[in-house]
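Input: a single structure, listed below in structure tokens.
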Amino acid sequence: MFMKFSKRMERMQASEIRELLKLTAQPDIISFAGGLPAPELFPVEEIAKVSHDLVLKEGRQLLQYATTEGRPTLRAKIAKRMADKYHAKVDPDEILITTGSQQCLDFAGKLFLDPGDVVLCEARPILAHSTLSMLMNLNLWKYRLMKAV
């Protein structure tokens, strides 16, 4: 069966991230990759307690799909924390929850960049940056950060 894909898919290559994660899943590999924290440092007990408390408080609604912007209760808590800790008045409607940096970069790229735009990034960008710039048909200009003397 013939499938016609978009032009951007013609530029797709194998995912470096996927290949890297395959390697790091091996038990004999210790990864020093950025963005891949040591699992033994995850606050499992704290997350279990918060999850338990949330399920008791919000019940089945917690397990339902949320709005695209993220759970309203979470956005309200973030706005309150911004006010309490940083004295910043932020409306919960101004907060967008993402599932990671790549989703955030994708949103920002779609909002502010057009095909052919130039994007400056450090010479060793996050792997996802290169993939996103390729999919969006951007000109990724890499520069090397200099140490302050």
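Does the stretch 51-58 contain any residue that is closer than 21 Å to GLY100 by Cα, of a type in the set (Gly, Ala, Ser), surrounded by 10 or more Cβ atoms within 10 Å (Cβ to Cβ) and at pLDDT 90 or above?
Yes, the stretch 51-58 contains a residue that is closer than 21 Å to GLY100 by Cα, of a type in the set (Gly, Ala, Ser), surrounded by 10 or more Cβ atoms within 10 Å (Cβ to Cβ) and at pLDDT 90 or above.
Quick check on the stretch 100-113: of everything there that is of a type outside the set (A, V, I, L, M, F, W, C) and loosely packed, with under 12 Cβ neighbours inside 10 Å, which residue is modelled with the highest pLDDT?
LYS110
Restrict the check to the stretch 59-73 and report whether at least one residue is more than 28 Å from ASP91 (Cβ to Cβ) and of a type in the set (Ser, Thr, Tyr).
No, the conditions are met nowhere in the stretch 59-73.
Looking at the stretch 75-99 only, could you name the residues that are surrounded by 10 or more Cβ atoms within 10 Å (Cβ to Cβ) and under 30 Å from ARG18 (Cα atoms)?
Those that are surrounded by 10 or more Cβ atoms within 10 Å (Cβ to Cβ) and under 30 Å from ARG18 (Cα atoms): ILE95, LEU96, ILE97, THR98.
The values are calculated or read from the model by the stated rules, or taken from the named source; none is laboratory data. Since we're looking at a predicted model, the values are computed, not measured. Note that we place each Cβ from the backbone using ideal geometry, even for glycine, and neighbour counts take in every protein chain shown.
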